Amino acid sequence: MTNIKISREKAKETAGFIREHIKKLPLIGILSGTGLGNSLQSINIDSSFDYRNIPNFPVSTVESHMGKLLFGNFENQEIMAMQGRFHLYEGYSPSEVTFPIRIMQELGVKILILSNAAGGLNPLFSPGDIMLITDQINLTGHNPLTGPNEDAWGVRFPDMAAAYDKKLIKSADNAGKEESIILQKGVYAGLMGPSLETPAEIRFLKTIGADAVGFSTVQETIAGIHAGMKILGLSTITNIHNPLNPSPSNIDQIIAVANNAAPKIEAIMRKVIRNIHECDCR
């Protein structure tokens with residue numbers, strides 16, 4: 001993996017390019033993961049960019065990630081939405097993985113909604129469930145804040161006691177009840193990947209309190225907290241790990257479950273964004 005540290009100058013350059021090509025600055029940033037690009041179908045798109053056409057922007061190498069950056073209106077709020085993210089296992093540095101969060105920060109985003117596909121560890125979960133992330137465990141061995149601190153972006157030691165905003169979690173929980181969508185809650189463990197977990201690793205993760213596991217999100221959340229953003233995390237549980245009766249994971253099936261769950265993710269996001277003023281989350 002590279003050790004590239006992207007400077008604020010690069011972020012300002014990229015944000016400046018984007019600012020020249022969009023109509024309004026976004027309040028809300030949305031980042032969708034594996035198989036979840038279709039969770040953004042209701043956005044009234046004003047501007048769309050391929051990642052490869054944005055200066056300094058990484059390019060997603062994962063097949064199920066569309067690699068498009070969207071700007072527009074969603075439930076009367078200006079949003080910036082990413083269809084596809086970047087991962088450490090692709091060879092990107094933590095700074096590159098979180099570069100889009102810094103662009104959001106430079107453009108004035110205050111609320112960050114992260115979605116991902118995750119393996120379930122909690123035996124009460126089922127494939128297709130949506131889990132509201134209440135906390136996280138960073139087991140990647142990396143942190144996007146390593147190295148000299150950029151004081152203009154945030155403090156040297158950001159507090160992570162409430163990484164996922166409680167008001168946004170409550171708003172999402174209420175949205176699930178209104179939409180008759182069963183929502184789970186739990187702790188997300190982030191690993192580096194790309195190899196999937198062994199039965200022994202699954203037992204370890206369950207022992208330390210993880211309810212779901214995946215290869216994303218934790219770096220972006222750290223950067224978002226450093227940036228002073230309020231964060232909502234949504235995990236689609238694509239499969240359930242049973243270390244007592246392990247079975248191979250089928251990536252195509254995982255993507256299919258995530259695709260099928262995309263409308264539920266969109267319904268939750270729609271309600272949360274519609275009620276953003278009522279929950280005092282701005």
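Is there any pair with a first residue in the stretch 144-166 that is surrounded by fewer than 17 Cβ atoms within 10 Å (Cβ to Cβ) and assigned to a loop (DSSP other than H, G, I, E, B) and a second that is polar (S, T, N, Q) and modelled with pLDDT of 95 or more whose Cβ atoms are under 6 Å apart and which are 6 or more apart or on different chains, and what are they?
Pairs that qualify, where the first residue is surrounded by fewer than 17 Cβ atoms within 10 Å (Cβ to Cβ) and assigned to a loop (DSSP other than H, G, I, E, B) and the partner is polar (S, T, N, Q) and modelled with pLDDT of 95 or more, are R156/N149.
Take the stretch 268-277 and flag every residue that is assigned to a loop (DSSP other than H, G, I, E, B), more than 19 Å from the chain's Cα centre (by Cα) and in contact (Cβ under 8 Å) with a residue 40 or more places away in the chain.
Let us first name the residues in the stretch 268-277 that are assigned to a loop (DSSP other than H, G, I, E, B), namely 275-277.
Right, trim to more than 19 Å from the chain's Cα centre (by Cα) and you get 275, 277.
Listed by number, the list holds a single entry, N275.
Please work out which residue is surrounded by the fewest Cβ atoms within 10 Å (Cβ to Cβ), limiting yourself to the stretch 225-262 and to residues that are over 14 Å from the mean Cα position of the chain (by Cα) and of a type in the set (S, T, Y).
Among residues in the stretch 225-262 that are over 14 Å from the mean Cα position of the chain (by Cα) and of a type in the set (S, T, Y), the one surrounded by the fewest Cβ atoms within 10 Å (Cβ to Cβ) is S247.
Name the residues in the stretch 182-212 that are at pLDDT 95 or above and of a type in the set (V, I, T), would you?
V187, I202, T207, I208
Would you point out which residue out of D211, D252 is within 19 Å of M131 (Cα to Cα) and of a type in the set (D, E)?
Answer to the check: D211.
Here is a check on your reading of the model: is I202 aliphatic (A, V, I, L, M), assigned to a strand (DSSP E or B), out of contact with any helix residue (DSSP H, G or I) (no Cβ under 7 Å at 6 or more places or on another chain) and over 21 Å from T98 (Cα atoms)? Break it down into steps so the answer makes sense when it comes.
Details: aliphatic (A, V, I, L, M): yes; assigned to a strand (DSSP E or B): no; out of contact with any helix residue (DSSP H, G or I) (no Cβ under 7 Å at 6 or more places or on another chain): yes; over 21 Å from T98 (Cα atoms): yes.
For I202, the condition - aliphatic (A, V, I, L, M), assigned to a strand (DSSP E or B), out of contact with any helix residue (DSSP H, G or I) (no Cβ under 7 Å at 6 or more places or on another chain) and over 21 Å from T98 (Cα atoms) - is not met.
Does I237 meet the test of being over 24 Å from P144 (Cβ atoms) and assigned to a strand (DSSP E or B)?
Working: over 24 Å from P144 (Cβ atoms): yes; assigned to a strand (DSSP E or B): yes.
For I237, the condition - over 24 Å from P144 (Cβ atoms) and assigned to a strand (DSSP E or B) - is met.
Let me confirm something: among L88, L139, which residue is surrounded by fewer than 21 Cβ atoms within 10 Å (Cβ to Cβ) and hydrophobic (A, V, I, L, M, F, W, C)?
Details: L88 fails: surrounded by fewer than 21 Cβ atoms within 10 Å (Cβ to Cβ).
That would be L139, the only listed residue that is surrounded by fewer than 21 Cβ atoms within 10 Å (Cβ to Cβ) and hydrophobic (A, V, I, L, M, F, W, C).
Out of S171, S216, which single residue is polar (S, T, N, Q), over 11 Å from L132 (Cβ atoms), surrounded by 18 or more Cβ atoms within 10 Å (Cβ to Cβ) and at pLDDT 95 or above?
S216
Only one of (1) touching an Asp or Glu at 6+ places or on another chain (Cβ under 8 Å); (2) under 21 Å from P26 (Cβ atoms) fails for A172. Which number is that?
It fails just one condition, (1).
Name the residue that is nearest to I111 (Cα to Cα), counting only residues in the stretch 163-194 that are under 20 Å from the mean Cα position of the chain (by Cα) and among the polar types (S, T, N, Q).
S171
On the given criteria, is I265 under 20 Å from G233 (Cα atoms), modelled with pLDDT of 80 or more and part of a loop (DSSP other than H, G, I, E, B)?
On the way: under 20 Å from G233 (Cα atoms): yes; modelled with pLDDT of 80 or more: yes; part of a loop (DSSP other than H, G, I, E, B): no.
So I265 does not fit the description; no.
Given the criterion without any contact (Cβ under 8 Å) to a residue 40 or more places away in the chain and over 16 Å from S235 (Cα atoms), identify the matching residue among E90, E96, E78, E106. Talk me through it step by step, then tell me what you get.
Values: E96 fails: without any contact (Cβ under 8 Å) to a residue 40 or more places away in the chain; E78 fails: without any contact (Cβ under 8 Å) to a residue 40 or more places away in the chain; E106 fails: without any contact (Cβ under 8 Å) to a residue 40 or more places away in the chain.
E90 is the lone residue from the list that is without any contact (Cβ under 8 Å) to a residue 40 or more places away in the chain and over 16 Å from S235 (Cα atoms).
Go through the stretch 1-100 and tell me which strands (runs of 3 or more DSSP E), entirely inside it, have 2 or more residues that are more than 17 Å from L114 (Cβ to Cβ), modelled with pLDDT of 85 or more and of a type in the set (G, A, S).
Numbers: elements: 28-32, 44-50, 68-74, 77-83.
It comes to 44-50.
The values are calculated or read from the model by the stated rules, or taken from the named source; none is laboratory data. Bear in mind the structure is a predicted one, so any value in this text is a computation, not a measurement. Cβ: placed from backbone, ideal geometry, glycine included. Neighbour counts: every protein chain shown.
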